[in-house]
Structures are given as C-alpha cells and as structure tokens.
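Worksheet: one structure, shown below.
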C-alpha cells in the first residue's frame, strides 16, 4: 500500500506517477526507462508512466504522486491507500506494430487502439508512432473504421432537430475566420449551428482565439445544448465538452509534432462532428501554392475520401473547393480578425469584401441544406440576413448568452511594412504572413497580429504601407522585426 | 530573470522544465500543449519541454524548475539567474516530415537530426516519429548516413592496438549469454575485447544483468581503457561511457516502444561499435520461427546491408547466420545464466554443451581476425584456451578488476513444470520461455528465471520435469504461475 498524493503538475496528455527512489514497497532503483504502471484503489485502474523522485520533496518513500491529469482520473482524495502493478505495453500496440509493418488493420484493431488511447495506456510516443504509421499507408475503409472508433459512444443529442449544421475549413488561411459570420447568418436563419472548436495549433491564432476576444467560450455540454436550442448558434471551446476524448489526445500529439496528415485528419474531423451531433457538414478545401492542398487533383482526391467516409457514417457532407492562394480579410490575429467580423456584421463601408463574400457563399450553401429553401436561393437569403442586421442581432445574442467580454487592446508596439518599389502586387505569401503573425505573438496575445492594407492586383508606389504589425511585448516584437529586416515582406511586387 | 531550481525527478530521456502557472515573468496560463523552451544563462542553451505547476510546492512564481536530466546539463547551481525563450520545433523536424512523406534524406539531413536529438531538441514523440518514418522506407545509403551521424565525434582511442574485437548477437535467444565466455577466451588469447553494453530491453534479462551478478559494471571510460589494455577484456554498462549520446536516446525510445527495426538497429549497432573503437566485429544472426529473423532469405538480406554499411564505415565485419530456433544453455535469467557460464569456464561435467560449443565457434571466428593465426585454427585455439583454464583465469582477472560481487540467491519461490504425456520433445518455444522468464521477474531480479532441464529431441515420460521456475516475490510468481496454468508449457511433445 502506498499513500496517494497530488503533484500539481500539468503535463499535457500523459499520466505521470512519481515514486520515491527508495520506495518502501516497490523496488524502482533499477528502472532505467519509461515504465508503465496501473494504479488500483479507485473505481477503475488508472494507467500512468513512472518517474523517479530522488528526494522527499516530491513524494516520500511511502507515497505515490500523481500529476494533475492522473490524479483527477483516480477520483480519490490525497491520503487514500492505493496499490500499483507494473503493466505491459497496451495489447493494441501489437496492431500498431502491424500497421508500421505496412498491414491493413481491422475495425476491431482500430476500436482497441482508440480504447487504449482513451484509457491513457498510450504514451505520446506510442500515439506518434501510430500516427506516422498510418501516414505511410491507410485505406479509405481504415479511415472509416478509425473515424467510427474515434467517434465513440458519447454523442450530443439534439432531440428533434432535423438539421444540425456546421462548417469546417481544412486549412489555416490568414484572416479566414468566417466561421463566426457563418454561424451568425445560419443562426439568424434558424438552423442550429453548434461550433465546438479545439484550441488552435501553434500557428497563428484560431477561431477560438478570435471568439475569445468577444465572449466567454468555456461552456459545458448542458449549457451548450440550452444555448443552441434557444439561440441557434454557439462557438465554444471543445475542452469542457466531453466527447471524442481519444481523438483529442491524438490531435494534441498531431499538433505538437506537425504530424497531421490529411487522411487521418478526415477521420478526426468526421468523428468529432458526428459526436457533436452534426447532421449536415460543409467542408471547405482551399487550394493554393502555399496551402495544405496545392493542386485541384489533390483536392478532388481528398473530397472523394471525405464523401466516401461521410456517406458511410451517415453524415450529410457537402465539400467545396476554394481559392487558398491569398490571405482573406485584413486582420490576422484575434483582435484584428474580430474587428473585421464585426465590421461585416454591422455592414460597415470599410469591411473587407473578400471575407464577406466568402462567408455569404458558405452560409448560403449551408442554408441550402434546408429542403424548404428553393435551390440556388441560399446566397441571396444569407445576403439579406446580413444586410437586414438579423445576422448581427443573432450574433449579439450568442455573445450575450455565452458572456460578452471586453475587447482586448491592440498591441502597443507597431511597425509599418512598406512597398520597396513601384509596381503591382502579384502575390501575397500566406505562409509568410502566418509566420509573421505568429512571431508577432498572435498565438499568445489577442492584441498581436498583422493588419493587411493591400491586396493582390493592386498598384503600389514605393513607400506605401503594405501591412502593419502589432505586438504586445518586446520579445515578440524583436522576433517579427528581425524577420522583416531580413529583407522579405511576403509581398511580390512586379 | 527567473531563479533556477532543481526538481529532483528523473524522467528518462526528456528534459522537463517546471514553471509556475502565475509565473512572474512569462505568461503561461494559456499554454495547452507541449511547449519547447530554451533556457539561457549557462555555458550553452539547454532545451526543455514545459510543464505547468499549479501551486508553490514544485516551483514558486519566480522560479524555473528543471528535472534531473536538464538541471545537470545546465551546469549551474540552484539559485542561479536564468532567462528563457520559447523555441520553435527543431529545424531538422522538417526533414523528419519529409521522411514521413516517403522521401530519401541526405547525409546533411541525418547529421542535423542526430545533432538536434543529442541537444535534447526532440521530444520522445519526435524521436518515435523519426523511427517509424524510417521503418516504412530507408535505403542502404541512408542507413550509412544515419550510422555515420550516430557515431559522432567521440570515439574511444585504443592507441596502437591493431585489432579491437567484439561480438554481437542481433536477437534475444533465451539463455544465450555467450558474450561473457567469448570475452574470456578472446582476452586469454590476448586480443582486446571491450564490451560496452546497453541495459537490456524489457524482455527477460540482458548480458549486463548476467554480468552484474558477477562483478561491478559501472565503469567510466578512463577506467575501461586502463582495464582493457591490461586485462584484454571488459564487460561494462554503456551508461558511464560517453559515446553515441543520440543513439542511446533513440535506442531508449525504440525499446520502450518495441519500435526497433532491423535496418535502423544496424545503423545503431555499427555506430556504437565504431564509437567504441572496435575494428573487427563478429555479428551473429540467429534464424528461427520464433526469432526476429524467420528465414535464411531475410538473414542474407540483413547480412548484405551490414556488409555494405560496415565496409563503407571502414569496419571489418564478419557476419554469421546461426540456428535461433531453440533456447541455448540451461538457465534463463541473470543468476542462472551466470551459473552456466562459470560451469563452462571451469570445464564442469554438467556444463551445457550447446552453449559451450556456440561460444567456442564464435570465439574461434574472432581469433581468426588475427592475421597471425593459421586459417581454420580459431576453434581449436579457443577450445584449448578454455580447456587449459586460461579463459577462466582471464575472466577471473576481468571480474576482479571490475570488482567482484557476491552471487545473488536464486528466487525462493519455485515451481516445476512437468511433461503432461510421454513422447519426444519436438520443439521448445523460445518466445514462450522468454515470456515466462520475464513474468517470473528475470528482468527485475537477478535470482529469478527459468532453469531448463530438457532439450529438443529428448524422450520424456509424463511427469518428468521440463524446467523449474524461480521467482523472488509473490507478485511475479503469481504472474508466471497463471501463465503456466493456462495449460501451455512452451514444450511440444509428440
């Protein structure tokens, strides 16, 4: 028997158990590598990876410490008596090894793998191995099996709603946060659109970061359901919504490693949407030289897979292929993007037109999921909902219900980047703009980012401002400044 | 500025930094996934992965805690002032992603990857991704480039020695710890044979575990060199020998994940031997239905790769393909194996003959690396060195120089497994025997293991003892007993 202790450390994904090097019960001095244990005493065993504490500060010899993740799963108070056993690697890892060896896995294999991941039996290493193995070869049927396993049993039930809609863009186009506008329009129309969003990857800022500058996003499943049934829309953090646990663990590893592959992310995406209770999903595949998908052949291949898997999952999927070669809107970064969105919803003169048009196009396609709408009317109805202010009102109600927050200040450190010669802007490099925004701090600080003043095809004179950088601290500002001073601007002028 | 603190936790491979959630300098409350940092203030920056401490027990808001691995690299006392910067993923990870995508990497790519790994810029996840990616496709030239990168610059210099020999078996055949006998014979002949051995994988016990029951194995490079030049042999733990750091980190991940592939392990093996200053290497590839290599075609393929890479590295490699279908010797487990080895070196009547013959064969081939020996004489010279007691004397000197230890007690919990019918033993399942030994505790306790009484081809009567199990604690004994009570013995009797 050891005594349970909470070691208040968050380790991101992995359950860690801390044991004293002179543990009074278990001989651990010999341990030289990652060791898996099973901790008994709670309702069900908790799996964790051992780390050795060399003095009494972390744990005493009669204690077992658990990090925050593992402690919360244990469901016992500090001081509870527990026992532990060494446990062999998860049985389903043999399936992972078969995948590594290039074999096709069965439905049961995927179910077992996903189950072991959700029980924290996989280390991040194990998950990464699984991802890379699928990366080299996976069949459409395997994607389907994986998606079904990832969806799991917890599915949000929207009662009698016939259509529960969502939009998902499979790329990070700078400034492309049309999700908020679409939600406003679709909610104004009356279709429920619950957007459950995972925290953005390291690159730039995500939909959630933009939404956070406007309203609270930490909402639990019950509150979400109530809100969507009343207000027809929500944009919330996936964190508190208890669905697709294994998918989130996988997705954290994907993001941390930049491992994401299109095939597997299809399985993740569709599993998530199914578990969110979505019935009708519009998927946007941007194509561009700097986008994830570089050619329309690739986009078509991807569309086919999405349709194949979506159909078999019983999800109504509409796939649209769009131009992903240039930034959309003006602002890149949470506060700047929110500013653009509010301008559009308020029908301001200076609202970025490309962002507005894309949002209307997508919202229109979603509205057409409604059988009652005459074919081809979606766009016009969306436009009317925006123009009349009904979309703005719907959005305001969503913000109020989630809890409005004060808009963040834009970064106080600014720098204008100007054209170095006369000419016409032939191309804006989206990955450069994303990188500059990230360095400026857009992933960390809501007020950081890039405000783009010019678009491709416009004529400029040397000295014209191309974009303005906003940073919230000296460190980030120095990073982005040194990028700019390397001589590149991300704008090709010819 | 934060104040450095040592958090005395060993995490196996990864550098971990602990930061308070309300850190006085860096805003970390937003961090939701693995974040890489660079810590400045020491001689060179140290890379680590952030974990968040939610109260003051681990670190205070003005402190940065480092686990034992990272703290020792920092080279600063507790209380030193340090700064940190967020750091992007290691640049060479883009090469790993290219490998994942199925590309051939260049010599420079491998050098950059290995360098980043040795600087702790790779998480275990990153390393696992790299391993799995190589697993699906790697060219012989890439294995060569990887081996050269892994070898690194630190190479043990054996001065004027023309031949520095070693033997390596690429599989875990139960009981096959002939390395100790070979070292004794080769040392008795006068060729230097420095065996630098990494801790065994999780399966059963390794060479090092067997050696540990006889002598100290924790020796540093200087002491090793002195010993080998004087005594012509050594069997030591790689832990204190500072070579191939990146290879060891990779190899830990391989072992923890069971990811090891033959191609990559060739690169690891040859890199390690080159860095150990080995000039002549005998590699044993056992072939058998339960062995790593199942067919002689596979073995030949592997031999070709070893020869290709070895030749280009300037290593004199001799590859031998042997029978790996059955256990060798009687004992499986550290103390039992040591007992067999001493019996052979002492020319005891009841010494296991198969183990002795294999050792003589391999030692003979190594002796033939010596140009002065007439071709075909190796085996006879080896036999004479064993019979005359010179090999035993050389081994005793090696043990004494390293520091003899008291032999461990055999486990006090025993169980005899008997034949369930009359007949002839047609096959002994090596992986079953390995599993039983592991469950009995052979990987953790020197006195645990399996003592095999019968060989394939022998006739038995129902009730005859096939093998005896030794365990050192009830837990392990229960595991192995339940395996046996499942009705299997690992022996086919026909």
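This table checks each residue for (1) in the same structural domain as residue A:7 (by TED's automatic domain parsing); (2) exposed (fewer than 14 other Cβ atoms within 10 Å of the Cβ).
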position: A:48; (1), (2): yes, no
position: A:72; (1), (2): yes, yes
position: A:75; (1), (2): yes, yes
position: A:101; (1), (2): no, yes
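Filter segment A:443-494 for residues that are closer than 21 Å to residue B:84 by Cβ and touching a helix residue (DSSP H, G or I) at 6+ places or on another chain (Cβ under 7 Å) and give the result.
A:448, A:471, A:476, A:479, A:480, A:483
Please verify whether segment B:198-207 includes one or more residues that are within 20 Å of residue B:408 (Cβ to Cβ), assigned to a helix (DSSP H, G or I), out of contact with any strand residue (DSSP E or B) (no Cβ under 7 Å at 6 or more places or on another chain) and within 14 Å of chain A (Cβ to nearest Cβ).
No - not one qualifying residue is present in segment B:198-207.
Taking the stated definitions as given, is residue A:112 free of Cβ contacts under 8 Å to residues at least 60 places away in the same chain and within 14 Å of another protein chain (Cβ to nearest Cβ)?
no
Tell me, which residue of segment A:138-151 that is over 18 Å from the mean Cα position of the chain (by Cα) and crowded, with 19+ Cβ neighbours inside 10 Å is farthest from the other protein chains (Cβ to nearest Cβ)? Spell out how you get there, then give the answer.
Let us first name the residues in segment A:138-151 that are over 18 Å from the mean Cα position of the chain (by Cα), namely A:138-146, A:148-149.
Those still in the list that are crowded, with 19+ Cβ neighbours inside 10 Å too: A:138, A:142-146, A:148-149.
On the way: A:138: 12, A:142: 15, A:143: 17, A:144: 22, A:145: 20, A:146: 17, A:148: 24, A:149: 20 Å.
Checking each candidate, the answer is A:148.
Across segment A:1-14, which residue is modelled with the highest pLDDT among those that are crowded, with 20+ Cβ neighbours inside 10 Å and more than 13 Å from chain B (Cβ to nearest Cβ)?
Per the criteria, the residue is A:4.
Given the structure, is residue A:242 in a helix (DSSP H, G or I), touching a helix residue (DSSP H, G or I) at 6+ places or on another chain (Cβ under 9 Å) and at pLDDT below 95?
On the way: in a helix (DSSP H, G or I): no; touching a helix residue (DSSP H, G or I) at 6+ places or on another chain (Cβ under 9 Å): yes; at pLDDT below 95: yes.
No.
Scan segment A:1-35 residue by residue and report those that are in a strand (DSSP E or B) and over 25 Å from residue B:35 (Cβ atoms).
Our first condition is that a residue be in a strand (DSSP E or B); within segment A:1-35, this holds for A:2-6, A:9-10, A:16-20.
Scanning segment A:1-35 gives A:2, A:3, A:4, A:5, A:19, A:20.
May I ask you to list the residues in segment B:245-255 that are within 14 Å of chain A (Cβ to nearest Cβ), surrounded by fewer than 24 Cβ atoms within 10 Å (Cβ to Cβ) and touching a helix residue (DSSP H, G or I) at 6+ places or on another chain (Cβ under 9 Å)?
B:248, B:249, B:252, B:254 - these are the residues of segment B:245-255 that are within 14 Å of chain A (Cβ to nearest Cβ), surrounded by fewer than 24 Cβ atoms within 10 Å (Cβ to Cβ) and touching a helix residue (DSSP H, G or I) at 6+ places or on another chain (Cβ under 9 Å).
I'd like the full set of residues that are within 14 Å of another protein chain (Cβ to nearest Cβ), part of a loop (DSSP other than H, G, I, E, B) and on the phi < 0 side of the Ramachandran plot, limited to segment B:77-103.
Matches in segment B:77-103: B:78, B:87, B:88, B:89, B:90, B:91, B:92, B:101, B:103.
Answer yes or no as to whether residue B:135 is within 14 Å of another protein chain (Cβ to nearest Cβ) and surrounded by fewer than 24 Cβ atoms within 10 Å (Cβ to Cβ).
When the stated conditions are applied, residue B:135 passes them.
Taking the criterion of being touching a helix residue (DSSP H, G or I) at 6+ places or on another chain (Cβ under 8 Å), more than 14 Å from chain B (Cβ to nearest Cβ) and outside any loop (DSSP other than H, G, I, E, B), would at least one residue in segment A:48-66 satisfy it?
Narrowing segment A:48-66 to residues touching a helix residue (DSSP H, G or I) at 6+ places or on another chain (Cβ under 8 Å): A:48, A:54, A:66.
The next check asks that each one be more than 14 Å from chain B (Cβ to nearest Cβ); those that pass are none.
The answer is no; no qualifying residue exists.
Testing residue A:285 on (1) out of contact with any strand residue (DSSP E or B) (no Cβ under 7 Å at 6 or more places or on another chain); (2) under 25 Å from residue A:142 (Cα atoms); (3) away from chain B (no Cβ under 14 Å), one condition comes back false. Which one is that?
It is condition (1) that residue A:285 fails.
Results for (1) in a helix (DSSP H, G or I); (2) outside the structural domain of residue B:104 (by TED's automatic domain parsing), shown as yes or no for each residue.
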| site | (1), (2) |
| --- | --- |
| B:131 | yes, no |
| B:149 | yes, yes |
| B:154 | no, yes |
| B:159 | no, yes |
| B:180 | yes, yes |
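With the condition kept exactly as written, say whether any residue in segment A:25-40 is within 13 Å of another protein chain (Cβ to nearest Cβ), touching a helix residue (DSSP H, G or I) at 6+ places or on another chain (Cβ under 9 Å), buried (at least 18 other Cβ atoms within 10 Å of the Cβ) and at pLDDT 90 or above.
no
Of all residues in segment B:444-463, which are within 14 Å of another protein chain (Cβ to nearest Cβ) and closer than 15 Å to residue B:340 by Cα?
To start, the set of residues in segment B:444-463 that are within 14 Å of another protein chain (Cβ to nearest Cβ) comprises B:444-448.
Across segment B:444-463, the qualifying residues are B:446, B:447, B:448.
Kindly check whether there is at least one residue in segment A:110-118 that is in contact with a helix residue (DSSP H, G or I) (Cβ under 6 Å, 6 or more places away or on another chain) and either part of a loop (DSSP other than H, G, I, E, B) or within 25 Å of residue B:444 (Cα to Cα) (or both).
No, the conditions are met nowhere in segment A:110-118.
Looking at segment B:368-378, is at least one residue without any contact (Cβ under 8 Å) to a residue 24 or more places away in the chain, under 24 Å from residue B:316 (Cα atoms), assigned to a helix (DSSP H, G or I) and out of contact with any strand residue (DSSP E or B) (no Cβ under 6 Å at 6 or more places or on another chain)?
There is at least one residue in segment B:368-378 that is without any contact (Cβ under 8 Å) to a residue 24 or more places away in the chain, under 24 Å from residue B:316 (Cα atoms), assigned to a helix (DSSP H, G or I) and out of contact with any strand residue (DSSP E or B) (no Cβ under 6 Å at 6 or more places or on another chain).
The values are calculated or read from the model by the stated rules, or taken from the named source; none is laboratory data. All values derive from a computational prediction rather than experimental measurement. Here Cβ is always computed from backbone atoms with ideal geometry, including for glycine, and neighbour counts include all displayed protein chains.
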